[in-house]
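Remarks on the structure that follows.
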Amino acid sequence: MTTPESIRDALLSAPKVRPIGAGTKPALSQSEPGGSTLSLSAYQGITEYDPSEFTFTARAGTRLETIASVLASHGQYLPFDPPLVQAGATLGGAIASGLNGPGRYRYGGLRDFILGAVFLTGDGRLIRGGGKVVKNAAGFDFPKLLVGSLGRLGVILEATFKVFPLPQERLRARADGGSLTGGLELLQRLSLQPADLECLDLTPEGVVWLQLAGDTGTLAPRLDRLGRRVGAVFTPVDPDTPDDPDRLRPGAALTVKVPVTPARVTRLDAALTTLHLPRRYEAAAQTAWIGATAADLPALDAQLHQLALGGLSLQHAPARIGQWPSPAAENIVRQAFDPDGRLA
């Protein structure tokens, strides 16, 4: 399906439909029993790109890797640092899942960079929201509503994003806090510094990872000054080290995302220790990434319920585990966008 008309026809031909991209997040791509999937993977291509305006528009099936390559050729990039780029993740899948990488710590998440979107509602209406320029304030902000919607509000066809200039250089470093408590304390001191940290992550052992970005030759002195201010010794690490188990980006084994706060990390980590699950705390411990197999999910689900936390499982169903907010408001919006309940 390579046209909006063919996608609309396929949408309306089935009673239950789950829109999917490249399938890099299988738990989010499974249709309900008796339903079918609607693949957008063939609906791809960058339709507009003006490097001087720092914006681009692309179809939903366009691979993020393709977008990143085109942007890089003009010295630009997506600052929200989407995960699973190398695995083949698409633009529409990134929007629907609402996932961000470590770069969201400094720059904000995907919802802060999306400017406009075109999508089909569950009953086949074509909706355009937002615009194609940065200073746009026309109409309802439907694009942000689609972020994290998991395909339940509409079939995303096209989106416009703003981008940023690529930094000349990046520097990744680590410091040992000695324990999870010590790492959280160091994280707090770092987050209060005017250091423009690009990424700030924490491991269960209390190792703090950070990343600086800027002009060539300025990062090492900045790291040295930062270490003196917070009383820590930072060891620079080659950012291109292959298969580094402590990479800032969640690894392939870290497949469950749990929004959290620094104050709740200690209790969550204690629960994950009893389950023997790998984990990492991203964006100054605002997000936990957890490694869980299908067999681990029931126990993890129970622990998250006890902690009043909700998780999104990317690889193994069910996608939603733990305690999520009341669906009352979501159901009202879904009724407006999908009155026939077609979008599973």
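The values are calculated or read from the model by the stated rules, or taken from the named source; none is laboratory data. Not measured: the values here are computed from a predicted model. Quick reminder, even Gly has a Cβ in these numbers, built from the backbone with ideal geometry, and neighbours come from all protein chains shown.
A few remarks follow.
- Top-ranked residue of region 1-29 - restricted to ones that are assigned to a loop (DSSP other than H, G, I, E, B) and of a type in the set (A, V, I, L, M), ranked as farthest from Leu126 (Cα to Cα): Ala22
- Qualifying residue in region 257-264 (condition: among the β-branched types (Val, Ile, Thr), within 21 Å of Arg104 (Cβ to Cβ), modelled with pLDDT of 95 or more and surrounded by 13 or more Cβ atoms within 10 Å (Cβ to Cβ)): yes
- Boolean, Asp301 is farther than 29 Å from Leu192 by Cβ, at pLDDT 95 or above and either assigned to a loop (DSSP other than H, G, I, E, B) or not hydrophobic (A, V, I, L, M, F, W, C) (or both): yes
- Looking at region 136-239, the helices (runs of 4 or more DSSP H) lying wholly inside it that each contain 1 or more residues that are under 30 Å from Ser6 (Cβ atoms) and in the same structural domain as Gly124 (by TED's automatic domain parsing) sit at 142-146.
- Unique residue being in a loop (DSSP other than H, G, I, E, B), modelled with pLDDT of 95 or more and farther than 22 Å from Gly103 by Cα when the list is Ala308, Ala317: Ala308
- Region 320-329: number of residues that are surrounded by 13 or more Cβ atoms within 10 Å (Cβ to Cβ) and either free of Cβ contacts under 8 Å to residues at least 40 places away in the same chain or assigned to a loop (DSSP other than H, G, I, E, B) (or both): 3
- Residues located in region 59-88, provided they are within 15 Å of Tyr43 (Cα to Cα), at pLDDT 95 or above and part of a loop (DSSP other than H, G, I, E, B): Ala60, Gly61, Thr62
- Failed criterion for Phe56 (all others in (1) assigned to a loop (DSSP other than H, G, I, E, B); (2) buried (at least 23 other Cβ atoms within 10 Å of the Cβ) hold): (1)
- With respect to the conditions (1) farther than 17 Å from Ala117 by Cα; (2) assigned to a loop (DSSP other than H, G, I, E, B), Tyr43 falls short on a single one, namely (1).
- So Gln306, is it out of contact with any Ser or Thr (no Cβ under 8 Å at 6 or more places or on another chain) and polar (S, T, N, Q): yes
- All positions within region 105-123 that are in contact with a Leu (Cβ under 8 Å, 6 or more places away or on another chain), part of a helix (DSSP H, G or I) and either of a type in the set (Ser, Thr, Tyr) or surrounded by 24 or more Cβ atoms within 10 Å (Cβ to Cβ) (or both): Tyr105, Leu110
- Pairs, first at positive phi in region 177-193, second part of a loop (DSSP other than H, G, I, E, B) and surrounded by fewer than 21 Cβ atoms within 10 Å (Cβ to Cβ), C-beta under 7 Å, six or more apart: Gly178/Gly206
- Being farther than 30 Å from Ala253 by Cα, touching a helix residue (DSSP H, G or I) at 6+ places or on another chain (Cβ under 9 Å) and not acidic (Asp, Glu) is a property that does not hold for Ile7.
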